[in-house]
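These notes concern the structure reproduced below.
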Amino acid sequence: MRRLLCSALVLLACAAGPALANDELVTSARTNGGETIPYILTSKPGTPAYAVILMPGGPGRVGPRMMDGKLVFSGGGNFLIRSRELFADGRFVAVSTDATSTPDRMLAIIRDLQARYGQIAIYIIGTSRSTEATMALARPLDGWVAGFVHTSSMNGIADFDPRGLRSRHLIVLHVQDACRVSNPSSGTASHRKYGTELIEMSGGISTGNDCEAAAHHGYNGIEQATVDRIKAWIAKP
């Protein structure tokens, strides 16, 4: 009877809602020169097939560390970093890390993920200013990762030509993004000129500075829909 009661309680707990994502500070990623590259690994129970490496915009800092037994970090309001739990679903794990254009620093994380999960499909995702990093890494890391996603891209995306590269590329924009350095027309221009795949989002809420995360620039209010479309593109055969 007691065993049946315990089993029933477990089933009720499972039915109460999905498992919460777990944030873990990882310090095992090291560059060829021995520098440690800390990152936050966000995961849920399951067997991951995909990993997304998320880099925030603005100053690009996450700087994860333990303080008084708690994980603390910067950039939690950024679109990608605040959406890390939406990416993590059992099939996907999410890495939150400082924005970087240095291949060796990114390769440290890639190797660490491969040591943990095997030959998992890895995608590097930047937003706003960190799309300068995704564009800069595209050629030196071509073939090392499955693809790159450029969200709310800097205007330089208009001249970014990924044709001939082995890794996949996706541009994501909000049609009402009013930030002058990430005009949505730049993303559509790249799509027209080079055929780069494109996702256009609309709706949500826009408050404050046009170039900050609470504006359309940061997909405020449509985070789930935006993440779902990115993940669908990544998982597309």
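The values are calculated or read from the model by the stated rules, or taken from the named source; none is laboratory data. Every value quoted in this text rests on a predicted model; they were computed, and no experiment measured them. Note that each Cβ is placed from the backbone with ideal geometry, even for glycine, and that neighbours are counted across all protein chains shown. Just so you know, the surface numbers come from the protein's heavy atoms only, side chains and all, with ligands and any DNA or RNA stripped out. Shrake-Rupley method; radii C 1.70, N 1.55, O 1.52, S 1.80 Å.
For residue 52, indicate whether it is crowded, with 18+ Cβ neighbours inside 10 Å, assigned to a loop (DSSP other than H, G, I, E, B), within 15 Å of the chain's Cα centre (by Cα) and in contact (Cβ under 8 Å) with a residue 24 or more places away in the chain. Show your work before the answer.
Numbers: crowded, with 18+ Cβ neighbours inside 10 Å: yes; assigned to a loop (DSSP other than H, G, I, E, B): no; within 15 Å of the chain's Cα centre (by Cα): yes; in contact (Cβ under 8 Å) with a residue 24 or more places away in the chain: yes.
Criteria not met by residue 52.
Among the residues of region 203-218, how many are hydroxyl-bearing (Ser, Thr, Tyr) and either in contact (Cβ under 8 Å) with a residue 60 or more places away in the chain or in contact with a helix residue (DSSP H, G or I) (Cβ under 6 Å, 6 or more places away or on another chain) (or both)?
If we filter region 203-218 for residues that are hydroxyl-bearing (Ser, Thr, Tyr), which is where we start, we get 206-207.
With either in contact (Cβ under 8 Å) with a residue 60 or more places away in the chain or in contact with a helix residue (DSSP H, G or I) (Cβ under 6 Å, 6 or more places away or on another chain) (or both) added as a condition, the list becomes 206.
So the answer is 1.
Can you tell me which residue among 189, 225, 178 is closer than 24 Å to residue 75 by Cα, of a type in the set (Gly, Ala, Ser) and not in a loop (DSSP other than H, G, I, E, B)? Break it down stepwise before answering.
Details: 189 fails: closer than 24 Å to residue 75 by Cα; 178 fails: not in a loop (DSSP other than H, G, I, E, B).
Step by step, each of 189, 225, 178 is checked, and only 225 is closer than 24 Å to residue 75 by Cα, of a type in the set (Gly, Ala, Ser) and not in a loop (DSSP other than H, G, I, E, B).
For region 55-71, what are the residues that are open to solvent by 30 Å² or more (accessible area, probe 1.4 Å) and either of a type in the set (Phe, Trp, Tyr) or under 19 Å from residue 134 (Cα atoms) (or both)?
Applying the first criterion (open to solvent by 30 Å² or more (accessible area, probe 1.4 Å)) to region 55-71 yields 58-59, 61, 65-71.
Of everything in region 55-71, those that are open to solvent by 30 Å² or more (accessible area, probe 1.4 Å) and either of a type in the set (Phe, Trp, Tyr) or under 19 Å from residue 134 (Cα atoms) (or both) turn out to be 58, 59, 61.
Return yes when residue 210 is charged (D, E, K, R) and either in a loop (DSSP other than H, G, I, E, B) or modelled with pLDDT under 95 (or both) and no when it is not.
Numbers: charged (D, E, K, R): yes; either in a loop (DSSP other than H, G, I, E, B) or modelled with pLDDT under 95 (or both): yes.
Answer is yes for this residue.
From the list 229, 180, 192, exactly one residue is under 28 Å from residue 91 (Cβ atoms) and among the charged types (D, E, K, R). Which is it? Break it down into steps so the answer makes sense when it comes.
Numbers: 180 fails: under 28 Å from residue 91 (Cβ atoms); 192 fails: under 28 Å from residue 91 (Cβ atoms).
Testing whether each residue is under 28 Å from residue 91 (Cβ atoms) and among the charged types (D, E, K, R) leaves just 229.
Among the candidates 103, 140, single out the residue that is touching a Leu at 6+ places or on another chain (Cβ under 7 Å), within 25 Å of residue 186 (Cβ to Cβ) and at pLDDT 95 or above. Before you say what the answer is, go through the steps one by one.
Numbers: 140 fails: touching a Leu at 6+ places or on another chain (Cβ under 7 Å).
Step by step, each of 103, 140 is checked, and only 103 is touching a Leu at 6+ places or on another chain (Cβ under 7 Å), within 25 Å of residue 186 (Cβ to Cβ) and at pLDDT 95 or above.
Residue-wise test of (1) within 19 Å of the chain's Cα centre (by Cα); (2) closer than 21 Å to residue 231 by Cα.
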site: 115; (1), (2): no, no
site: 129; (1), (2): yes, no
site: 133; (1), (2): yes, yes
site: 147; (1), (2): yes, yes
site: 158; (1), (2): no, no
site: 166; (1), (2): no, yes
site: 191; (1), (2): no, yes
site: 196; (1), (2): yes, yes
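Examine region 21-28 for a residue that is open to solvent by less than 40 Å² (accessible area, probe 1.4 Å) and modelled with pLDDT under 95, and state whether such a residue exists. Step through it out loud before you land on a result.
If we filter region 21-28 for residues that are open to solvent by less than 40 Å² (accessible area, probe 1.4 Å), which is where we start, we get 21, 26.
Next, only the ones that are modelled with pLDDT under 95 stay: 21.
Yes, some residue in region 21-28 is open to solvent by less than 40 Å² (accessible area, probe 1.4 Å) and modelled with pLDDT under 95.
When you check residue 232 against the structure, is it aliphatic (A, V, I, L, M) and farther than 20 Å from residue 52 by Cα, yes or no?
Details: aliphatic (A, V, I, L, M): yes; farther than 20 Å from residue 52 by Cα: no.
No; evaluated as a whole, the condition is false for this residue.
Between 208, 195, which is among the small types (Gly, Ala, Ser) and either farther than 16 Å from residue 57 by Cβ or buried (at least 23 other Cβ atoms within 10 Å of the Cβ) (or both)?
On the way: 208 fails: either farther than 16 Å from residue 57 by Cβ or buried (at least 23 other Cβ atoms within 10 Å of the Cβ) (or both).
Answer to the check: 195.
Could you tell me whether residue 220 is in contact with a Phe, Trp or Tyr (Cβ under 9 Å, 6 or more places away or on another chain), part of a loop (DSSP other than H, G, I, E, B) and either open to solvent by less than 60 Å² (accessible area, probe 1.4 Å) or not acidic (Asp, Glu) (or both)? Let's see the steps before the verdict.
Values: in contact with a Phe, Trp or Tyr (Cβ under 9 Å, 6 or more places away or on another chain): yes; part of a loop (DSSP other than H, G, I, E, B): yes; either open to solvent by less than 60 Å² (accessible area, probe 1.4 Å) or not acidic (Asp, Glu) (or both): yes.
Judged against the criteria, residue 220 is a match.
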